[in-house]
Amino acid sequence: MNYRNIDDLIKEIQSAKIIGIDGFDRSGKTYLSHEIGKKLSIPVLNLDDYLIKGKERYVEHLKYKEISEFIEKNKNSFIIEGVCLLGVLKKLHLNLDCLIYIKLIDEYDEWLHEETCDIKDPAEIEILYPNFQEFKALDKEIIYYHVNNRPVEKANYVFERIESSRTG
């Protein structure tokens, strides 16, 4: 189901105990997770806070011991959010009650990252991005993650955040 109103989404997920929020880089995961956390009075685990600084990749360079300690302390109810979330959950052997995927859309209802996040065949990457080998490791990881995991399709809920047009 797709939502644009946070309160409508919260009504739908309020009985969930472990909530995951996934989406493309800078799509609004942190904002949404904190809004839901405040309204449901549950803690938020922002994976970026556990990233080992100076590393070029994401899933491989998280402080999993500290993440596991947070999960153990808050095991009854929490929100976990970050890019490549399904990859992180697999390493943690953690199952969610619900997964929310954030789609950043424009005022014309077009998914702003569709070209990057909705690639069906890995061979398409090199066609869409002829200079793909020059991308930063993290950007490559996020693109491969979307191709291989299809998180938008696995999500129980899709939250569409409207990005207002920019001028200037």
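Kindly check whether there is at least one residue in region 63-70 that is in contact with a helix residue (DSSP H, G or I) (Cβ under 6 Å, 6 or more places away or on another chain), under 21 Å from G23 (Cα atoms), in contact (Cβ under 8 Å) with a residue 24 or more places away in the chain and open to solvent by less than 60 Å² (accessible area, probe 1.4 Å).
Within region 63-70, one or more residues are in contact with a helix residue (DSSP H, G or I) (Cβ under 6 Å, 6 or more places away or on another chain), under 21 Å from G23 (Cα atoms), in contact (Cβ under 8 Å) with a residue 24 or more places away in the chain and open to solvent by less than 60 Å² (accessible area, probe 1.4 Å).
Starting from region 92-107, take each residue that is assigned to a strand (DSSP E or B) and list its partners that are small (G, A, S) and surrounded by fewer than 20 Cβ atoms within 10 Å (Cβ to Cβ), counting only C-beta distances under 7 angstrom and pairs at least six apart or across chains.
Sorted first by the residue in region 92-107, then by its partner, the pairs are I102/G28; L104/G28.
Only one of these is surrounded by 20 or more Cβ atoms within 10 Å (Cβ to Cβ), out of contact with any Cys (no Cβ under 7 Å at 6 or more places or on another chain) and at negative phi: L85, L89, L94. Name it.
Of L85, L89, L94, the one residue that is surrounded by 20 or more Cβ atoms within 10 Å (Cβ to Cβ), out of contact with any Cys (no Cβ under 7 Å at 6 or more places or on another chain) and at negative phi is L85.
What are the residue pairs meeting all of these: first residue in region 34-58, first residue more than 21 Å from K91 (Cα to Cα), second residue open to solvent by 20 Å² or more (accessible area, probe 1.4 Å) and hydroxyl-bearing (S, T, Y), Cβ atoms under 7 Å, and 6 or more apart or on different chains?
Short answer, once both residue conditions are applied: I42/S77.
Where residues in region 146-168 are open to solvent by 80 Å² or more (accessible area, probe 1.4 Å) and of a type in the set (V, I, T), which of them is modelled with the highest pLDDT?
It comes out as I162.
Could you please find all residues in region 3-38 being over 13 Å from I80 (Cβ atoms) and open to solvent by 90 Å² or more (accessible area, probe 1.4 Å)?
Result: R4, K11, Q14, S15, R26, Y31, K38.
Could you tell me whether any residue of region 129-139 is surrounded by fewer than 18 Cβ atoms within 10 Å (Cβ to Cβ), over 15 Å from the mean Cα position of the chain (by Cα), more than 24 Å from K55 (Cβ to Cβ) and not aromatic (F, W, Y)?
Scanning region 129-139, I find at least one residue that is surrounded by fewer than 18 Cβ atoms within 10 Å (Cβ to Cβ), over 15 Å from the mean Cα position of the chain (by Cα), more than 24 Å from K55 (Cβ to Cβ) and not aromatic (F, W, Y), so the answer is yes.
Which residues, taken from region 111-126, are surrounded by 11 or more Cβ atoms within 10 Å (Cβ to Cβ) and either free of Cβ contacts under 8 Å to residues at least 40 places away in the same chain or not in a helix (DSSP H, G or I) (or both)? Please lay out each step first, then the result.
Pass one, region 111-126, residues surrounded by 11 or more Cβ atoms within 10 Å (Cβ to Cβ): 111-119, 122, 124-126.
Answer for region 111-126, where residues must be surrounded by 11 or more Cβ atoms within 10 Å (Cβ to Cβ) and either free of Cβ contacts under 8 Å to residues at least 40 places away in the same chain or not in a helix (DSSP H, G or I) (or both): W111, L112, H113, E114, E115, D118, I119, P122, E124, I125, E126.
The values are calculated or read from the model by the stated rules, or taken from the named source; none is laboratory data. Please read these numbers as outputs of a predicted model, since none were measured by experiment. Please note: Cβ atoms are built from the backbone with ideal geometry, for glycine as well, and neighbour counts cover all protein chains shown. Ligands, DNA and RNA are excluded from the accessible area calculation, which covers all protein heavy atoms including side chains. Shrake-Rupley method; radii C 1.70, N 1.55, O 1.52, S 1.80 Å.
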